[in-house]
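First comes the structure, then the notes that go with it.
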Amino acid sequence: MPRPRTVILVQARMGSSRLPGKMLLPLAGRPLLSWILAGALAARLAERVVLCTSEGPENDALAELAAGLGVAVFRGSENDVLGRFVAAGRLHRAVWVVRVCGDNPFVNGGEIDRLIAYFEEQARDYACNHVPRDGNNYPDGLGAEITTLAHLEEAAAQSDDPQDREHVTRYLVTRPQRFSQGTFPAPPEIAFPQVKLDIDTASDYRRMGRLADALRQRGHNPQDAVAVCRLWRELFEKPGGEPMPEHPTDNKEVCP
């Protein structure tokens, strides 16, 4: 039986409250958004990648960048992100929807594929590998979330809560009795939950800039998750193997 049509929706906009304009900030000479789209495009088990941004004119540059890379663009509500995702999923005839956050320059196509394969094999309503959760030992920022368009449509129809409308999968994640949920262990070579690969703040941006520059200088492919994690640990863990303090992941629904 063929896999249901799977569409990756990359959630990004210029108006991030924590680091405005970050989607066009350069990493090793390329805008942040181009890194994220490259990671999404590297996935092999999805039929389409779509930039899912808002209608504000400040996002015109993001739409132009995506179009230049051959990525489809959907523009919808600034604040009703759940509604934006539902409309984008419908337009692109999605059955399964993969959400990629615009905070994650090192989102990995192979890890997105691993997520899709897990979702297919386990028949869950929701699954993720984008953050450390339930002992999966995943780094923060390599993976994604997946659910069905039908479940997002149900969430949109049932909830007027502003938090549910802003944070796409919150309605599902906070109702485990209604929606079956799952994750899975990270491969041992990348099983480092202390590794934080997203950009929430200016200090995160500086760290990811150092990492991107080091990857380029050493000739590593940014889609080599093992090299990314190894180099992050080399650059940012304290001497003697003591890791940096862990970053909270409770708000990982908060995305540009």
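The values are calculated or read from the model by the stated rules, or taken from the named source; none is laboratory data. These numbers come from a predicted model, not from an experiment. Cβ atoms come from the backbone with ideal geometry, glycine included; neighbour counts cover every protein chain shown.
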* Asked: Going through the range 81-100 one residue at a time, which ones are surrounded by 24 or more Cβ atoms within 10 Å (Cβ to Cβ) and out of contact with any helix residue (DSSP H, G or I) (no Cβ under 8 Å at 6 or more places or on another chain)?
  -> Arg84, Ala88
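Of the residues Leu231, Leu172, Leu235, Leu152, which single one is closer than 22 Å to Gln11 by Cα, without any contact (Cβ under 8 Å) to a residue 60 or more places away in the chain, in a helix (DSSP H, G or I) and aliphatic (A, V, I, L, M)? Let's see the steps before the verdict.
Details: Leu231 fails: closer than 22 Å to Gln11 by Cα; Leu235 fails: closer than 22 Å to Gln11 by Cα; Leu152 fails: without any contact (Cβ under 8 Å) to a residue 60 or more places away in the chain.
Just a single option satisfies the conditions, and that option is Leu172.
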* Could you please tell me which pairs satisfy a Cβ distance under 8 Å, a separation of 6+ or placement on different chains, a first residue in the range 102-121 that is aliphatic (A, V, I, L, M), and a second residue that is crowded, with 23+ Cβ neighbours inside 10 Å and assigned to a helix (DSSP H, G or I)? => Val107/Ile36; Val107/Gly39; Val107/Ala40; Ile112/Gly39; Ile112/Ala40
* Structure fact -> Within the range 171-221, the residues that are more than 19 Å from the chain's Cα centre (by Cα) and either charged (D, E, K, R) or within 14 Å of Val131 (Cα to Cα) (or both) are Arg175, Arg178, Glu189, Arg206, Arg210, Asp213, Arg216, Arg218
* Structure fact -> So, first residue of a type in the set (Asp, Glu) in the range 180-194, second residue modelled with pLDDT of 95 or more, Cβ within less than 7 Å, six or more apart or across chains; the pairs are Glu189/Val226
* Subset tally (residues that are farther than 24 Å from Asp134 by Cβ and either without any contact (Cβ under 8 Å) to a residue 60 or more places away in the chain or in contact with a His (Cβ under 8 Å, 6 or more places away or on another chain) (or both)) for the range 160-169 -> 2
* Can you pull out the residues in the range 86-134 that are in contact with a Lys or Arg (Cβ under 7 Å, 6 or more places away or on another chain), under 28 Å from Gly56 (Cα atoms) and in a helix (DSSP H, G or I)? -> none
* Asked: Does any residue of the range 22-41 turn out to be basic (Lys, Arg), touching a residue at least 40 places away in the same chain (Cβ under 8 Å) and under 20 Å from Arg84 (Cβ atoms)?
  -> yes
* Asked: Do we find a residue being closer than 21 Å to Val173 by Cβ, among the charged types (D, E, K, R) and either modelled with pLDDT under 95 or touching an Asp or Glu at 6+ places or on another chain (Cβ under 7 Å) (or both) anywhere in the range 78-86?
  -> no
* Checking Glu246 against (1) modelled with pLDDT of 95 or more; (2) assigned to a loop (DSSP other than H, G, I, E, B); (3) surrounded by fewer than 16 Cβ atoms within 10 Å (Cβ to Cβ), the condition it does not meet -> (1)
* To do: Select from the range 107-122 the residues that are within 11 Å of the chain's Cα centre (by Cα) and of a type in the set (Val, Ile, Thr) and write down the one among them that is surrounded by the fewest Cβ atoms within 10 Å (Cβ to Cβ).
  => Ile112
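Pull up the range 50-75, narrow it to residues that are part of a strand (DSSP E or B) and touching an Asp or Glu at 6+ places or on another chain (Cβ under 7 Å), then point me to the one that is nearest to Thr6 (Cα to Cα). Steps first, please.
Filtering the range 50-75 down to residues part of a strand (DSSP E or B) leaves 50-54, 72-75.
Next cut, touching an Asp or Glu at 6+ places or on another chain (Cβ under 7 Å) only: 54, 75.
Details: Ser54: 22, Arg75: 19 Å.
The selected residue is Arg75.
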* Do we have any residue at all in the range 200-208 that's surrounded by 15 or more Cβ atoms within 10 Å (Cβ to Cβ), closer than 15 Å to Pro139 by Cβ, in contact with a Leu (Cβ under 9 Å, 6 or more places away or on another chain) and modelled with pLDDT under 95? -> yes
